[in-house]
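Asks: Just dropping this structure here.
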Amino acid sequence: MYNSKIIGLGYYLPENKVTNADLSKIMDTNDAWIQERTGIKERRWIKKGTEDTSAVMGAKAAKIAIERANLTKDDIDFLVFATLSPDYFFPGCGVQVQDMLEMSTIGAIDIRNQCSGFIYAMSTADQFIKTGMYKNILVIGAEYHSNGLDKTTRGRGVSVIFGDGAGACVLTRTEDNTKGILSSHLHSEGKYAEKLMVKSPSIKHWVPEIIASKGEDISYFPYMDGQFVFKNAVTRFSQVILEGLEKNNLKTSDIDMLIPHQANLRISQFVQRKFGLSDDQVFNNIMKYGNTTAASIIIALTEAWEQQKIKENNLVVLAAFGSGFTWGSVIIRW
Ligand code: UT7
């Protein structure tokens, strides 16, 4: 069996920075509350009227990743796109990227696993490579949250957290089984679907019903039971990291770099303390970008790599938890 390893990384963020002070002008919130509860100082929100969308940002990040992999778009055999904020209800963003990058008619799938989307996407790509079906796979995570948030005081518990952005990597086949993705671990618990969701529009509850409510029905805005999600996140993050380490006969002290999904700095710090990891062993950038859901891990991984915080042979652990609930980890020998 083959193994897969990352050979190119890239990210793209919209230019428009929105600080906590900016938010306090449009809703009843303040910098102290946001920083204390989440660690976030600013996030990027796409300026309406620019070309950026989840698919467009994903394509921009993908171009960088392909170039850094020293490949061309014609070398890519398959494409996996993770997002919870696709440009269209259908078709998915994957096919849009296939078109935007003028790729041949390769297969393209969308993964809908929210904050765990990138972990699920990497794991999916890894399976196709391990079995020998494809050689080079483009894996993208991108989110355009800002146009779908309730940016009033009513929605402040959710809207201050989320940011827009995209990241991508190229996974390639290797015959060296000591390097690359050692294992991936995926979980779900659908009974908590309604704890963090966008309920409509859905086929169950379609647009005319929302219009008929004359503004009463706001189920098209994201809903989150923040404290419940937080409690589950700290437990599941820890479990799935340990599961991955145990599978590979490794210990928490073997971790060189943990890249947690950037859900809340307090969650990352909790996991860091629990495992006794130093600041050098955990990478966070939520302060600058907020929670970019399926894009957060790949943006953080790319930044950590650009800052030379990841070196040859390092043990890199990626982990995520989010809506679904879904959670997962990927264990990588760099
Ligand atoms: O990425 C997917 C996974 N997501 C997560 O893991 C997120 C998990 N949850 C969280 O990160 C936290 O629960 C939040 C950051 C979302 C919220 O923090 P919290 O400490 O759980 O606050 P809370 O929702 O319990 O609200 C506490 C108070 C409330 O006021 P009262 O009822 O105590 O008077 C809220 O109305 O804070 C108020 N509040 C705000 N105040 C200022 C809620 N949002 C804001 C805000 N600014 N933006």
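The values are calculated or read from the model by the stated rules, or taken from the named source; none is laboratory data. Note that the coordinates shown come from a computational prediction; the quantities given were computed from them, not determined experimentally. Note that we place each Cβ from the backbone using ideal geometry, even for glycine, and neighbour counts take in every protein chain shown. Note: accessible area is taken over every heavy atom of the protein model, side chains too, but ligands, DNA and RNA are not part of it. Shrake-Rupley method; radii C 1.70, N 1.55, O 1.52, S 1.80 Å.
Asks: Work the Kirkwood hydrodynamic radius out for the range 261-313: mean of 1/r over every pair of different alpha-carbon atoms, inverted, in Å.
Replies: After inverting the pairwise mean of 1/r, the radius is 11.6 Å.
Asks: Another one. For the cross-link pairs K48/K151; K41/K309; K41/K274, which exceed 18 Å when the distance is taken from alpha carbon to alpha carbon?
Replies: From K48/K151; K41/K309; K41/K274, over 18 Å: K41/K309; K41/K274.
Asks: Calculate, for E175 and E306, the FRET efficiency according to 1/(1 + (r/R0)^6) with r their C-beta to C-beta distance and R0 35 Å; round to the nearest 0.05.
Replies: 0.80
Asks: Each residue of the range 234-243 in turn: what ³J(HN,Hα) in whole Hz from Karplus with 6.51, -1.76, 1.60 and θ = phi - 60°, glycine and Pro shown as x?
Replies: 5, 5, 5, 3, 4, 4, 6, 5, 4, 4
Asks: In µm²/s, what is D for the range 181-333 at 10 °C and 1.306 mPa s, where D = kT/(6 pi eta Rh) by Stokes-Einstein and Rh is the Kirkwood radius from Cα pairs?
Replies: For these conditions, the coefficient is 95 µm²/s.
Asks: Write down the radius of gyration of the range 143-247 and its Dmax, each obtained from C-alpha positions, in Å.
Replies: Values for the range 143-247 (Cα only, Rg and Dmax): 19.0, 60 Å.
Asks: Counting only Cα, what are the radius of gyration and maximum Cα-Cα distance Dmax of the chain, in Å?
Replies: According to the Cα coordinates of the chain, Rg and Dmax are 19.0, 60 Å.
Asks: Work out from phi, with θ = phi - 60° and the Karplus expression 6.51 cos²θ - 1.76 cosθ + 1.60, the ³J(HN,Hα) of each residue of the range 173-188, listed in order in whole Hz, and give x for Gly and Pro.
Replies: 6, 9, 9, 8, 6, 8, 10, x, 6, 7, 6, 9, 9, 10, 9, 8
Asks: Of the DSSP beta bridges with both residues in the chain, give the percent that are antiparallel, rounding to the nearest 5.
Replies: DSSP beta bridges in the chain are roughly 70 percent antiparallel.
Asks: Still on this structure, I have one more. What base-10 log of the normalised intensity I(q)/I(0) is obtained for the range 11-154 from the Debye formula, alpha carbons as equal point scatterers, at q = 0.10, 0.19, 0.21 Å⁻¹?
Replies: -0.41, -1.11, -1.26
Asks: For the chain, what does -39500 (n - 2.57) per DSSP helix run (n ≥ 4), summed and divided by total residues, give at 222 nm, in deg cm²/dmol to the nearest 500?
Replies: For the chain, the value works out to -9500 deg cm²/dmol.
Asks: Also, quick follow-up: How high is the FRET efficiency from R154 to R273, r the C-beta distance, R0 35 Å, rounded to 0.05?
Replies: Using R0 = 35 Å, I get an efficiency of 0.55.
Asks: With a probe of 1.4 Å, find how much accessible area the range 57-207 has per residue, and write the answer as a whole number in Å².
Replies: Normalised by residue count, the accessible surface of the range 57-207 is 44 Å².
Asks: Considering only DSSP beta bridges whose two residues both sit in the range 181-333, what percent are antiparallel, to the nearest 5?
Replies: 80
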